[in-house]
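I have placed the structure first, in the form of structure tokens, so that the comments after it can refer back to it.
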Amino acid sequence: MSGLTLATISHSFSGQRVLDTVSLVIRPGELVALVGPSGCGKSTLAAIAGGIVKPDQGRILRQYQRHGMVFQQWRLLPWASARDNIAYPLTLGKLPRAQITERTKAAAQAVALLPEDLDKLPAQLSGGMRARVAIARALVVEPEFLIFDEPFAALDPALRRRMQDLVLSLAKSRGFGGLFITHDLYEAARLSHRIAVMDRQGKGILGSLVPPGTPGARSEAQIFDFTQDARNDPLLHDLVNVDERAIALDCACDTLGFQRCC
Amino acid sequence: MPSDASLTARRAEWAEMLPILAARAALRFGPPALGIALFLAAWQAAHWHYGAFILPSPWQALLAVWATLSSASGWAALGATFGRVGLALGLSGLIGGGLGLVAGYLWFARATLAPVATILLGMPATAWVILTMIWFGPSHGSILFTISIVVGPILYIGTVDAVLTRDRRLEDMAASFGASWWARFRSIALRQILSSLGPVFGIALALGFKVAIMAELVTNVAGLGAQMARARAHMDIDLALANVALAVAGLVIIEHLVIRPFQTRLGAWKRGAA
């Protein structure tokens, strides 16, 4: 069981409501992509799902023991080596050192990190390698559910595609469910079982789109056709025709973290 | 035993590397050495112009330093000043740093303490010396208090700034993995705060020395400052310069033995490790 239910979630920052009775159900083993224009509260919802932010109202029902989270800009500890970054979640518990080492090694292998890169600091790694470290850090806790908050937004298209392939292969081999926040409709169609569309002002989920087939088994033509058709769907009107002047809160304030951001 | 061929190859390798190493060393140490040489040259020129009574030569000052270091009283004065600065820095680190941590996290404490810090920072160090002399008399405690009250607000403000400018996204990351508040503070926030405090400690140390010597000079309590007061009374310019040189040398040594390694250990990642 690895489902997640967010029921009538509402949340405000500094008196400004960013989420208003948002409900989302993710079935066990389902990977749901959440799309919506900038400033609609996607990252806040991810933070609430990840236990970072406690919502003002609403209920969260987690049908799993452990979750992992992969963030936008990866959030690696800049003073710690790649190995220590991957091991970080395990150091928070009381696991024996040998077990931490073993699980760290396994997580690094799962994302195809080279052993010689494990001793490097994040500043010494390329963007793609940092993304791999961040994914390995999420995997090291052996999660049943993964939350991705626009993890590949800063990567170039080729690298982004490689990272998407990595997520697809890991999801297939480990069978985890998850929530994948993205702006990119193509990425959503490639990775998810279902695409949930969020209201421009965070007033709930407008509806869902289901790409044909299953993630990893879809052809490029199927994904292309689906995204082309979806662009004309009224559900995605705000995503496709976004007007940044209409956004109430500036979502480029990620440097200060969720609590101070939408 | 290495063969002749390998020895020749090693010599050739060294012959190739030596000019490169020498050039690197010249680039690294050359400009600071030039700066020191220019300073000493200007000092020597001033000595020739004004005479030994007004300004002894660098060599005379060096001899006076040697004389001070050869006597037990010289070491006692050095120890007294350094000990006071160390103790006062520890005290102000505990109080200023501790309050800075609290104020960094609690808006109300920050807002309440902000005007107090501004007032304390605005107070001239000499005013504190006079006040503490009146309050506590010319004693070891009055000098400790003076250094602590001058340095404490700087450490307070540095700590508040370090808390406020830390990368909170890293703490959010830790929270997503279930880290408690204490675990987030210990493993993420404290690391960033300490790395930001390195330069502040450097400034506090330098200021602490200046205030200590000034307070010792005014109160005439044993230390480098009291030695300078004695030099002034006897018009012994050599001894005065020797004490200044000792204070500067001590500051440089402590900075390189304590502050710089601390900064390197905790703040290397900020300067980029690529």
Original post:
Of (1) out of contact with any Asp or Glu (no Cβ under 8 Å at 6 or more places or on another chain); (2) in a strand (DSSP E or B); (3) within 14 Å of chain B (Cβ to nearest Cβ), residue A:69 satisfies all except one. Which?
Top reply: (1)
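Here is a list: B:127, B:206. Which entry is surrounded by fewer than 19 Cβ atoms within 10 Å (Cβ to Cβ) and within 20 Å of the chain's Cα centre (by Cα)?
The conditions single out B:206.
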Subject >> Sole exception among (1) of a type outside the set (Phe, Trp, Tyr); (2) farther than 23 Å from residue A:67 by Cβ; (3) exposed (fewer than 15 other Cβ atoms within 10 Å of the Cβ); (4) modelled with pLDDT under 85 for residue A:175, by number >> reply: (2)
**OP:** Would you be able to tell me the number of residues in region B:158-170 that are more than 7 Å from chain A (Cβ to nearest Cβ) and over 16 Å from residue B:106 (Cβ atoms)?
**Re:** 3
Original post:
Out of region A:119-133, which residues are more than 9 Å from every other protein chain (Cβ to nearest Cβ) and aliphatic (A, V, I, L, M)?
Top reply: A:125, A:129, A:131, A:133
Original post:
Picking from A:245, A:231, which residue would you name as being away from chain B (no Cβ under 14 Å), at pLDDT below 75, over 18 Å from residue A:153 (Cα atoms) and out of contact with any Pro (no Cβ under 6 Å at 6 or more places or on another chain)?
Top reply: A:245
**OP:** Taking residue B:165 as the residue in question, decide whether it is without any contact (Cβ under 8 Å) to a residue 40 or more places away in the chain and closer than 30 Å to residue A:90 by Cα.
**Re:** yes
Original post:
Do we have residue B:195 as within 14 Å of chain A (Cβ to nearest Cβ), under 30 Å from residue A:70 (Cβ atoms) and in contact with a strand residue (DSSP E or B) (Cβ under 6 Å, 6 or more places away or on another chain) here?
Top reply: no
Subject >> Top-ranked residue of region B:222-274 - restricted to ones that are free of Cβ contacts under 8 Å to residues at least 60 places away in the same chain and within 14 Å of another protein chain (Cβ to nearest Cβ), ranked as nearest to residue B:206 (Cα to Cα) >> reply: B:264
**OP:** Answer yes if at least one residue in region B:193-203 is of a type in the set (Phe, Trp, Tyr) and either surrounded by fewer than 22 Cβ atoms within 10 Å (Cβ to Cβ) or without any contact (Cβ under 8 Å) to a residue 12 or more places away in the chain (or both), and no otherwise.
**Re:** no
Subject >> region A:55-71 residues that are closer than 28 Å to residue A:107 by Cα, paired with ones that are part of a loop (DSSP other than H, G, I, E, B) and among the charged types (D, E, K, R) (beta carbon under 8 Å, 6 or more apart) >> reply: A:64/A:144; A:65/A:144; A:66/A:142; A:66/A:144; A:67/A:144
Subject >> Selection within region A:93-109 - under 13 Å from residue A:141 (Cα atoms) and of a type in the set (A, V, I, L, M) >> reply: A:95, A:100, A:106, A:107, A:108
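The values are calculated or read from the model by the stated rules, or taken from the named source; none is laboratory data. Remember, it's a predicted structure, so these values are computed and weren't measured experimentally. With ideal geometry, Cβ positions are generated from the backbone for all residues, glycine too; neighbour counts draw on all protein chains shown.
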